[in-house]
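One structure below.
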Amino acid sequence: MEELKKYRPIQYILGETEFYGLKFIVNENVLIPRPETEELVDWILQLFPVQEREKEKGVCLDIGTGSGCIAVSLSKNLPGFSVYALDISDKALAVARHNAELQQAEVRFFQQDILDAQALSSPELPHEWNIIVSNPPYVVPSEKKNMSPNVLNYEPHRALFVLEEKPLLFYERIADIGLQHLKKDGFLFFEINSRCGEMTVRMLKNKGYKNVELLKDISGNDRMIKAYNLP
């Protein structure tokens, strides 16, 4: 109760939370998984009929994995897929690895800065992907005034904030990576800032992505984007 009075999130107090029916360990080194991100995972899984998921083969990359909630959930629900996950934070990766072990999920983790020109150059990473998914930093500093203390004072700012003048910094970089590394029938999935939905759609179309789809979350806010890398 004393911690709650200080606005510390209940998930950090308990040290765990639930995501997509699975238990995840969380601490101040990772963002607390949100229901909107569960919707993103569900949207990805809709690509595959439930009865066929164990037979599906492919490779998936989760960029900015944090707690590992996306990567682990996809690995558990698409056991035929090889799932890889990246994060810049070694402390976040420690949490993600713990969660993968907890759920007995086969996910391979790598510490990389996706903005680095050498990102994805490791010989241990595949060159082509069926799915690239990311929930990168997308909050701009001017939005701080509308954020609750439990988020602003406790969750890692590096995972939350992006430069005011470059709100699509990570999306543009990951979109470029997708053009280079997605298979010709591969998918790019993003969780986005609800204020930047149409802007992100335009950016993806300008880069050559097709069938760019913007989806609202359960609260009615623009929240997810799917783009198809057509031949």
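Laid out as a table, the results:
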quantity: Segment 1-84: chymotrypsin sites (Phe, Trp or Tyr not before Pro) falling in loop per DSSP and having at most 11 other Cβ within 10 Å; calculated: none
quantity: Filter on K57/K166; K23/K57; K5/K145 - keep pairs with C-alpha separation over 30 Å; calculated: K57/K166
quantity: Rounded to 5, percent antiparallel among DSSP beta bridges of the chain; calculated: 40 percent
quantity: Helix-only mean residue ellipticity at 222 nm for the chain, each DSSP H run of n ≥ 4 adding -39500 (n - 2.57), per residue, nearest 500; calculated: -8500 deg cm²/dmol
quantity: Neighbour cut-off at most 16 other Cβ (10 Å), DSSP loop, trypsin sites (Lys or Arg not before Pro), segment 55-103; calculated: K55, K57
quantity: Prolate/oblate/rounded label for segment 1-135 (Cα gyration tensor, a/c 1.5); calculated: oblate
quantity: Average Cα contact separation per residue, segment 96-205, under 8 Å, 6 or more apart, as relative contact order %; calculated: 33 percent
quantity: For the chain: relative contact order, % (alpha-carbon pairs under 8 angstrom, 6 or more apart); calculated: 17 percent
quantity: Sequence-separation-based contact order of segment 1-121, relative, with Cα cut under 8 Å and 6+ spacing, percent; calculated: 21 percent
quantity: Span from the segment 163-215 Cα centroid across to the segment 106-135 one, whole angstrom; calculated: 17 Å
quantity: Selection of GluC sites (Glu not before Pro), segment 163-223, meeting DSSP coil and at most 12 other Cβ within 10 Å; calculated: E164, E165
quantity: Within the accessible area of the chain (1.4 Å probe), percent carbon and sulfur; calculated: 48 percent
quantity: Candidate lysines - alpha carbon under 24 Å from K55, same-chain residues fewer than 8 apart omitted; calculated: K76, K183, K184, K226
quantity: Neighbourhood charge, 14 Å Cβ-Cβ cut-off, centred on E28 and excluding it, Lys, Arg +1 and Asp, Glu -1; calculated: +1
quantity: Candidates V107, V162, V30: whichever shows maximal mean-square fluctuation once the chain is modelled as a Gaussian network with Cα springs under 10 Å; calculated: V162
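The values are calculated or read from the model by the stated rules, or taken from the named source; none is laboratory data. Note that the coordinates shown come from a computational prediction; the quantities given were computed from them, not determined experimentally. All Cβ positions, glycine included, derive from the backbone under ideal geometry; neighbour counts span all protein chains shown. Note: areas computed on protein heavy atoms with side chains; ligands, DNA, RNA excluded. Shrake-Rupley method; radii C 1.70, N 1.55, O 1.52, S 1.80 Å.
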